[in-house]
Every structure is written in C-alpha cells, then in structure tokens.
C-alpha cells in the first residue's frame, strides 16, 4: 500500500504540473502563434504538444484510478488484518475494576455538567468569532435601500390586458406612431379633429405644458392616457411618465442597470443627445435604451421589470435608433461599428422578463435609422436599414425575409412604407422604392425606382397613397410620385431648419421646425400651405398624435396641443 | 511485522486514496481552442436512474430495517448485525453511492416544509420516515447496521476506548449545533451542508474533494479506537433518532429478573449506553441542582437566541442569492476588480438588480428569524441536557439508555444469559458461576 501510495502521490503532483490547461510549454507556443498566426509548422507543433499532454494527463488519471482501487482493496485487507490481530490479542474482562465506575458516577456527572457548560462557551466563542469575521459587508439596511423599487406591493400595479390590434392603432406606441410610419390612423382613432392653430406664447390651444427634467431628442409615445419619454445627461438616464390629461409627471425612474466594470463611455454628439432613441410601449410596459447600451423595462406604474446593459455600441455620433415593440417582445436594433466588424445585430427580448427571444447578426455598419413594422399580404415585416442593407425580417423569429444591397451613407432617416413599397433614403443622394414581396436578395429584382430629388439627411420620409414626401434639414420639401418616382413638386422653406419628421393626419401634413414653428400643408399634387403656428420653443423630436391631441416635445417642455371644439 | 505497521499502512493508504481519487475525480479540461477540423462528438447525457430504482431502494431499506430489528431483538446476534452492516454498506454505500441517505433527508424535509415550491421526492420522504418509524418501534436499528455511515465506522473499529463521561457529554452537544445549522440552511434554500460535508460519500464513490475524503479517512482512523465518532458526535439524524428512541416500544433492554450484575455488558458497550445502578442519590442535592438548572435555562435559551441573531448575517452568506447580491454590489461600487462568471451571467439575463437585492433581502429576513429560533432551541436542548445531568434518575438495575444505544448487539455476546453463553456456563460448577471473573473469561474477552 505504501508503494502504491508513493506512486499515486507522484502522479497527483505531476498531474497538475503537466496538464494541458496550465502547461507552460503550450502557453509559450500559443504566445508565439499570436505573433506568427500563419506559421503552419508552429500550429502543428501545438497540436502535437496538446495531444501529448492530454494523453499523459489521461494516463495519469487512469493510474490514479487504478491506485485508488488498490488502496481500497488494501484498506479492506488492512481492516480485516487489524480485526484478526485484535481477536488474537483479546484481553480478559476484569469486572472488578469496571465496577469502580459506579462509585465514580456522581463525580463523572459533576464533571460532565461543567464540561457541557464549557462546550457551550466554546460554541458561543466560536460563534462570536464567526460573527466578527464573516458578517456580510452588505447590511440588511443597505439591501433594503437598494431594493426599494421592489418593496412596493406589486398588487397595486394595474393589471393590463393583452392589447388587441385596435389598441395598437389608437395609441402611439413608438417613434412615428403605429408601425413607425408617421401616419395617424384617423379612422381607427375615431376621426378626431386635430388642432390647426396654436400659439405657445399665449398658450392658445395649449392644453398643458410640463417641464421635462432631463433633455433628449427622443419623441413622446402615448398609450392609455399616459405619455412616455426619456431624458439623459452624460451621467444620468431617466424615463418619464406623464398623465396625458393634465401633464402631471406620474413617475420618473432612473435607468441604472448593472454594467461591466470599465464599460466604455459612448461618444455622443451634441446634435444627437444622450437620449435620442424614442422609447417604445406595448400597452403594459415601456422600454427605453440609451447610447451606452442601457436597456430597461418598466410597467405602467413605474416598477422596473428588468434592466441590462448591452455594451456600449460603437457609434461615433451616439446610438439613436429607436425601439419598437411587437406583441410581447421588444425589438432592439443594434447596428454599430462597420459592416466587417461583426458587431451589429437585431435582437428581440421578452418584454416581461428581458430574456433574449432571438438575435440576428447583421453585417452592417452603424445606423441611426429606426425600424418599422409593415403589413404586407404575406404578413408583418420588420424593416431595418443600415449600410449596406435595407432588409426585412420576420418580427417573431428574426429570420431575414429579403434584403436589398447598395444602401450607403450615414443613415439617419428611417424607412417608410406605402402601397407595397418600402421607401429608403440614402442621405443626400437618392430615394429608393423597393417592393416588399420578395425573398432573399431583391436588389436587382424588386427595386422599382430611385429618385435623386431632395433626399434628406436626417428627417424621415412620409408616404401617403400616391406620393412620398421628403424634407431636408435646411427646408427643401419634395413630393415624389410612388408610381414612377417622378418629382411632383418641391417647396423650399427659407430660413427654417427641420429635425422632426413629418406626420400625415388625414390629408394634412404637419411639419415642425427646429425653432418650434409648425407648418400644416395639404398632401396632394400641389404645395398648399394651410396654417402656420408657433410653439415658442425649439423642437427636434417628432410629435405624437392621439385622440385629437398633439404631444410635442420641446427642448425643455412637453406640450399637449388640443383645440377645443367650437 | 510490528503491531503498528498495519495501522500506519491503513492511514497512509487512506490519505493517498483521498488525494489521488480526489484529483482523478475533479480534473477536467476544455477541448482544444483552435480549429483542427475535428468534429467534437455531441455531449452524451446519462439518463437518470430508472423509476424502479427508487422502489428498490425503499424496499431494500424496509427489508434491511426489518432484518435489523429481528437480528437485534430476536436473534440478538452480533454476527448477524455485522453481516447486515456489510450488506448495507455495499448496497447503500458503494453501490448506491451513499445517496439517498436518511441523514441528509432531514434537509429535504425541512426545505419542503419551508418552501412550497419544493416537492419532496417519495424516496427521500421514505428514507426520512422509515428509520423513524422503526426507531419508535424497535429502537435505533437503523443505526445498528442499515445506515452505511454507521456501518463503515462500526466495521473498522477494533480497539474501542471508553470515552469518559465528562468528555462524552459535551461532545454530544455538537450534533445539536450541526442540526441547527443544517435546518437553518436548508429552510432558507441556502445549502444542504449535511450532504456537502458528508465525510464518507467520497469514500463510497471513490471520488470527491480532497478535504472531504481526508475528513472521512480521519474519522475512520479515529473510529478504530473511538467507536462511531460521526454517529455520536456529529450525526444530526442521530439526534432525532435519539429523542424518538426514548419512546420506542421494544428497544433492547436488560432483563432485571435475569441480570446478575456481572458488568460485562457495561464494559462491552463502546458508546456508553449502559447505565449503571446508582443508589447513592442525594435527594436534597438533586433538588438544589434542579432548581439551579431550571433557573439558568433561560440564560441558555437567551444566549442561543443572541448567538443565532448574530450568526444570521454570516450564515446568510452561504446563500447563493445573497452571495450574488454582495458581489454585484461590490462590483458596482468598485470595491472589487473585475467580474466573475456568476455576475457576468446575471448581467446577461437582464434580470433586475433591484429585484436581486429584494430577493437577497427576503433571504436575509428568513435568516433573521430562523437562526435565532433554531439557536434558541439549541440553547434549550443544551440547558435541558445540563438539567438532566444534574438530576440523575434513580435506578438499582443496569439499564440500556435507549437514546445512546445504536443497537450494535455487542453487549449480547457478553451477557451470561445469551443462549450461546448459557451453554458454556452450564459446563461450570456452581462455585465457578458465582465468580464474575470466571464467568467473564468463559463468555469471552473483549473483542470488538
């Protein structure tokens, strides 16, 4: 047994010294390979060394295993030998001396009683030492403070039923409203009358105005009498919920998920802001994302449901693509870096739990365009664009349905959709019309036309049944015919700049300048201006239109514009 | 070969077994981390035990307990008990790898009581209840030879030393401490410490952590001279069976009408379970001690509760939720550098950190009332033990203390009224039979 033991001790010691994981020899070879990645003989040497180390390791394991069985067998024989030894050397009982125990009993009990006390003291002292040395650095009071969001009785949360298709239309669930198209579904909303005149200075037709604590160029979204938006600075990120009726700030929640230590701070241009991505709602939850990759979900009462950090996206202006919800899943476009960096992806998360439902990698560069969800005869399509692809995906699986190549530039304008065509703007270059009924690569088969008339760089296009309207930052508004891509008309708003995307309300198109001036024109084959209004505060975000009210985010305030019925 | 050689070889072999097998069991390494074109075969998962295994385990347990009861109470056969111990050691220990185990089942039952989301497996419930039922009927026949942990210790003992009462009594406090810890940690879903620190499971499986196997080998080495050290000074299930065996209907007894006070059983018992006649009871002194013992009882309870109150925080750190919350907080606060796999995985889930803290707080609150309660009860038990030592029961006959007796049947071999010994004694003259020393030599020396 001793011989077996010595062999096993040696094998055990060698097992660690020569294992493939910690082998210095292998480590040195790998380090050489980093410097000479194409050195094929070196690779072969690594393979052979690795194999040799593994074989040695396994051989030693087998030796140890055999040794263990030998020791067990030896142990059993040893015990039997000891038993036999004891049997052969049994001693005679001497009951007379044993009887002395009876005499000693009271003394034994006295000692035992005190020994129990001593043992109790020893347990006590050991316990005190444990308390002193091992108490948690995180006190219950700290835990209580840290978990305050979840100490509120969840029962107070109003239970929301799963929203039906109509509710997705009567509300304004994401950037540019239902589907992200910038078109107000008037009929579904019950044909409310939207205001055509207001004045921020005199508060004419301004139902309320509420201060927004932190700035950002994201747009308001509306659901069930609540208006949601986000705000951020370099160091703070927040989500806000206002009462749509009176503008009261119902709740304000910080977004501060766990992040990897040493997370890189995002590069954010002032023109992008630290809260450029519009939040999304699904009737029960609101979701927000920020340029550092913070992503969070809250219920309508402001309880944080989950929060995570996706890692700072590689984006030199700052991440700005907005979120969009599809049923109970949240869809996050996360295009970043350049198309050969393998960093971009499109992902869907379970709205309630935050677990990833699907993730589709994309060979695309950073993009600032937001996704849209469109209805086609074949079903819903999630359309996303980023250099070099305009692509459609199945929103429930992330499977790519079709793609159109040749999309170039720093893509700010989001795509839009009408009459079976997806319209994509190549900034300062052209407007593409791509039929949405294709599959795989449709670049050469489904591109209907390309128009070079007035392609914007930031503002998203708008489409009615017959025309696509484009608005450049410096005020050139063009209408292009859907049927053939020909320019119908153009109009230049002198001395006005635009960042907010246009919205179609029935036959009216609402345009907001960066100084807060609004133009209302008629959608048609001629440029017809019907109204001009002034909010009195700069506007960079696209407004939300719900129930006859326009919710506009100014630089400092959230406005609700409503025109009383005559 | 000197007398010490086999002992040394056994110790050395055991320790080497521990080191070698432990390393063999826990060493793993990843597949190659560069492309070779080799297709790794799919990972094969072994199917769990078939359902009939549970039924077989329960059947074997029931049969072993029944046989044990018969061997102890009817056949009064030490050899039979040893045979049963070997069989159960092979089946429950080496064949079934020491799991499922009645000792560990305390934790499952506790968890099931405190966590409605935990379903107690039938086989575990049976392993918890069957030994208890047999103990209530027949005494600790489970400990005798059915429990593989008891069996392996019993089989290695060969030169039993008597542990003096002043040492035996305080050491028997330790199982209460272990039981309190195990219940608190199981009730909070934190850990199954009885399983984690099972000293013999590594030997049964011929694998395990080095510390675990070394602990087992050391206990076995101690068990050669101090019979069943784990059973007597650590086993938390033994605490439960000890309480219940006091009320057992048919446990092994000394028949006072036949006892000739030869004292052979007293010396043969390795676990100090034979109570001697004690006719020198000082009633006045007993009364004083009783009053004093009862008076200080609240002190023991209070000290236990305070200790439990203080231990709530350190013990809660054995809970993985609390551990994760602590680590998360430390990482967020920059108190530690880098991340660990657990926190990285948690971040990837997207679960809310405030919810994690809330969950950790909920765990901490459970510890906050469970630990003082358990330790207050521990204080009560220790206090009562002290009271009991202060006021010994008056007796004029030899008696088996049911709570200590592990039904090993050693004493039967030495009893002059054992059928086999009666036959030997009948060969003596009447004079010789009146001489205890001759009787002792006739029925055999001490050979444990």
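Quick note: the coordinates plus some simple rules give every number you see, no bench work behind them. Model, not experiment: these values are computed from the prediction. Heads up, the Cβs are rebuilt from the backbone with ideal geometry, glycines too, and the neighbour counts pull from every protein chain shown.
Observations, loosely collected:
- Summary of packing: across the peptides B:107-119, B:358-370, the per-residue average of other C-beta atoms within 10 Å ranks them, highest first, as B:358-370, B:107-119.
- The residues A:24, B:377, B:61, when put in order of fewest to most other Cβ atoms within 10 Å, stand as A:24, B:377, B:61.
- FRET efficiency estimate (nearest 0.05) - Cβ-Cβ, residue B:247 to residue B:433, R0 30 angstrom: 0.25
- For the residues of A:5-15, the average number of beta carbons from a partner chain within 10 Å of their own beta carbon is 4.
- Highest-first arrangement of A:256-267, A:387-398, A:473-484, where packing means the average Cβ count within 10 Å: A:387-398, A:473-484, A:256-267
- Neighbouring partner chain Cβ atoms per residue of B:356-367, average, 10 Å criterion: 5
- Three-way shape label, chain A, alpha-carbon gyration tensor, a/c 1.5: prolate
- Judged by the ratio a/c of the largest to the smallest principal axis of the C-alpha gyration tensor, the protein assembly as shown counts as prolate, that ratio being 1.5 or greater while a/b is larger than b/c.
- Rounded, prolate or oblate (a/c below 1.5 giving rounded, otherwise prolate when a/b exceeds b/c) for segment B:38-92 by Cα gyration tensor: oblate
- Max mean-square fluctuation residue, GNM over chain B, Cα-Cα springs under 10 Å, options B:408, B:143, B:259: B:259
- Highest GNM mean-square fluctuation among B:337, B:196, B:165, for chain B modelled with Cα contacts below 10 Å: B:337.
- Against chain B, whose longest principal axis comes from its Cα atoms, helix B:236-245 is set at around 40 degrees.
- Between 0 and 90°, nearest 10: helix A:40-88 axis offset from chain A longest Cα axis: 40 degrees
- Per-residue mean of C-beta atoms belonging to partner chains within 10 Å, peptide A:79-87: 6
- Cα long-axis angle, helix A:100-134 against chain A (0 to 90 degrees, to the nearest 10): 30 degrees
- Least to most buried among A:235, A:446 (fewest other Cβ within 10 Å first): A:235, A:446
- Debye log10 I(q)/I(0) for chain B, one point scatterer per Cα, at q = 0.07 Å⁻¹: -0.45
- Helix-derived mean residue ellipticity, 222 nm - over the protein assembly as shown, DSSP H n ≥ 4, -39500 (n - 2.57), to 500: -13000 deg cm²/dmol
- Taking the number of Cβ atoms within 10 Å of each Cβ as an exposure proxy, the fewest-first ranking of A:499, B:328, A:385 is A:499, B:328, A:385.
- Residues residue A:490 and residue A:378, FRET efficiency given R0 of 41 Å [Cβ-Cβ distance, rounded to 0.05]: 0.75
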